[in-house]
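The values are calculated or read from the model by the stated rules, or taken from the named source; none is laboratory data. Just so it is clear, the model here is predicted, and its values are computed rather than measured. No Cβ is skipped: glycine too gets one built from the backbone with ideal geometry, and neighbour counts run over all protein chains shown.
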Amino acid sequence: MSGLNGTASGTAAETLSGAVAAVNDKGLRLEGRDGWLNYSKWAEGLVPPARGAHVVVTLDKAGFVRTLAPAEAPDPRHSPTAGRETAIIRQTCLKAAAEFCAARPALKSADLLALAERMEAWVRREEA
């Protein structure tokens, strides 16, 4: 099936999603992807997103952006680095608690773990 301008209708070829690394009036670049994604001249109603926004982009068969929609930002706690950061924070808090408890022989191992958990909670507290 051919459209009025000679292009095939229903030309969605690929869907991408991610955070916008850069944007201008001709297209956008997604984080972790090389090169720019240029807006199709046949796309209607495209509103350029803000840098850092999370979007879902549909490309036509020629690789031009046909549709652009906001996407939910991924939960940072589930990113690949979140597990590593948690481990580092916990190890640091455990070491500090062990050093504190080492000078206090009356404290038990349960006291050590409770202190490490309180230290971790303090490190992760939300700023008001």
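A quick yes/no check of all residues on (1) at pLDDT below 90; (2) farther than 30 Å from LEU30 by Cα; (3) surrounded by 14 or more Cβ atoms within 10 Å (Cβ to Cβ); (4) not polar (S, T, N, Q):
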site: THR58; (1), (2), (3), (4): no, no, yes, no
site: LYS61; (1), (2), (3), (4): no, no, no, yes
site: VAL65; (1), (2), (3), (4): no, no, yes, yes
site: SER79; (1), (2), (3), (4): yes, no, no, no
site: THR92; (1), (2), (3), (4): no, yes, yes, no
site: ALA114; (1), (2), (3), (4): no, yes, no, yes
Taking ALA13 as meeting all but one of (1) in a loop (DSSP other than H, G, I, E, B); (2) of a type outside the set (Ser, Thr, Tyr); (3) modelled with pLDDT under 90, write down the number of the exception. (1)
